[in-house]
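Trainee: The structure follows.
The values are calculated or read from the model by the stated rules, or taken from the named source; none is laboratory data. In this text, all values refer to a predicted model and were calculated from it rather than measured experimentally. Note: ideal-geometry Cβ built from the backbone for every residue, glycine included; neighbour counts use all protein chains shown. Calculation scope for accessible area: heavy atoms of the full protein, side chains included, ligands and nucleic acids excluded. Shrake-Rupley method; radii C 1.70, N 1.55, O 1.52, S 1.80 Å.
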Amino acid sequence: MKAWRWALASARGTSHAVSNESCDDAGFCAMSHGASSSIFATLSDGAGSAQFGGYGAWLAVRSMTLNMRAHLKKSSSVTEDDFWEWIDVSRDVITHVAERREVARRDFAATLISIVSDGNETIIAHIGDGSVVAKLEAGSWQALSWPSQGEYASTTYFITDDPKPRLQITRFTEPLTRLVAFTDGLERLALDFTNGVPFEPFLEAISTPVAQSQATARDGNLSRALRDFLNSARVNERTDDDKTLLVAALK
């Protein structure tokens, strides 16, 4: 029986290192144990312009994770309404924290990418930038969810936006073998914006070790290697932003 294995890492951008600020990204990935045998994950990037963007990212990931895990214990299907319900709960959590601190919810602005996949069907909820790409059984790479840019240059959308966030939901029904998701700090390495397609050399290089892994579920060694890669000069020469990268393979 095929099973997922994955590596997940976050790294602070050089701009935050210089200013001695923490990483504003957050991410989580797990396998469901119950009605579904799917991988589920959430990645979030706190807005640099938001006072508590990093905390907002953490709150969004935690809330989405708890709701996705509870749902998948009982049901193998995920609908658009399910995602909207979980996002509404996440917004309520952020609102509660904001009210306790006597600040605005927008001070916790963060993007969101949530994924559920059993390898045959993949559903993605996406707010803002970052992206999800996959390698199909046929061998080609395809973007499943593309970054959303805001009304002005270098802006995007957030889970805290009012009156409601600009949510893209994608249901993909072709079998896939590899799944890669990342926040916006890696867009210029993983996507070919000129042609509007994934950049296959980068994706092959980072996903092949995971596809060859003998681990079950999370590969701790590869996750640490992935973190080192995200902190490397090769990556930091291309981006000074925080970055979170999930690389999963079905084998």
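Trainee: Can you pull out the residues in the range 14-37 that are assigned to a loop (DSSP other than H, G, I, E, B) and either of a type in the set (A, V, I, L, M) or surrounded by 23 or more Cβ atoms within 10 Å (Cβ to Cβ) (or both)? It would help to see each step written out before you state the result.
Mentor: Restricting attention to the range 14-37, the residues satisfying the condition of being assigned to a loop (DSSP other than H, G, I, E, B) are 19-24, 32-37.
Passing the criteria: ASP24, ALA35.
Trainee: Next question. For ALA7, only one of the following conditions fails: (1) more than 21 Å from ALA109 (Cβ to Cβ); (2) surrounded by fewer than 24 Cβ atoms within 10 Å (Cβ to Cβ); (3) in contact (Cβ under 8 Å) with a residue 24 or more places away in the chain. What is its number?
Mentor: All conditions are met except number (2).
Trainee: Considering each of ARG234, ARG227 in turn, give the residue that is over 18 Å from the mean Cα position of the chain (by Cα) and more than 24 Å from SER37 (Cβ to Cβ). It would help to see each step written out before you state the result.
Mentor: Values: ARG227 fails: over 18 Å from the mean Cα position of the chain (by Cα).
Result of the check over ARG234, ARG227: ARG234.
Trainee: Counting only residues that are in contact with a Ser or Thr (Cβ under 9 Å, 6 or more places away or on another chain) and of a type in the set (Lys, Arg), which one in the range 85-110 is least open to solvent (accessible area, probe 1.4 Å)?
Mentor: Once the filter is applied, the top-ranked residue is ARG91.
Trainee: Identify the single condition in (1) more than 24 Å from TYR55 (Cα to Cα); (2) at pLDDT 95 or above; (3) small (Gly, Ala, Ser) that ALA215 does not satisfy, given that it satisfies every other one.
Mentor: (2)
Residues checked against (1) open to solvent by 20 Å² or more (accessible area, probe 1.4 Å); (2) touching a helix residue (DSSP H, G or I) at 6+ places or on another chain (Cβ under 6 Å):
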site: GLN214; (1), (2): yes, no
site: ARG234; (1), (2): yes, no
site: ASP240; (1), (2): yes, yes
site: THR244; (1), (2): no, no
site: ALA248; (1), (2): no, no
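Trainee: Right, something else. Which residues, taken from the range 41-75, are open to solvent by less than 40 Å² (accessible area, probe 1.4 Å) and either among the aromatic types (Phe, Trp, Tyr) or outside any helix (DSSP H, G or I) (or both)?
Mentor: ALA41, THR42, LEU43, SER44, ASP45, GLY46, ALA47, ALA50, SER75
Trainee: Here is a follow-up. (1) surrounded by fewer than 20 Cβ atoms within 10 Å (Cβ to Cβ); (2) closer than 21 Å to SER49 by Cα: which one isn't true of GLU137, the others all being true?
Mentor: In the conditions (1) surrounded by fewer than 20 Cβ atoms within 10 Å (Cβ to Cβ); (2) closer than 21 Å to SER49 by Cα, GLU137 misses (2) alone.
Trainee: While we're here: Scan the range 158-190 for residues that are open to solvent by 10 Å² or more (accessible area, probe 1.4 Å), of a type in the set (A, V, I, L, M) and over 16 Å from LEU43 (Cα atoms) and jot them down. Outline the logic, then answer.
Mentor: Let us first name the residues in the range 158-190 that are open to solvent by 10 Å² or more (accessible area, probe 1.4 Å), namely 158, 161-164, 166-175, 177-178, 184, 187-189.
Going one step further and asking which of them are of a type in the set (A, V, I, L, M), we end up with 167, 169, 189.
If the condition is that a residue be open to solvent by 10 Å² or more (accessible area, probe 1.4 Å), of a type in the set (A, V, I, L, M) and over 16 Å from LEU43 (Cα atoms), then LEU189 is the only one that fits.
Trainee: Scan the range 221-235 and give yes if some residue there is under 29 Å from SER15 (Cα atoms), touching a residue at least 24 places away in the same chain (Cβ under 8 Å) and of a type in the set (S, T, N, Q), otherwise no.
Mentor: Yes.
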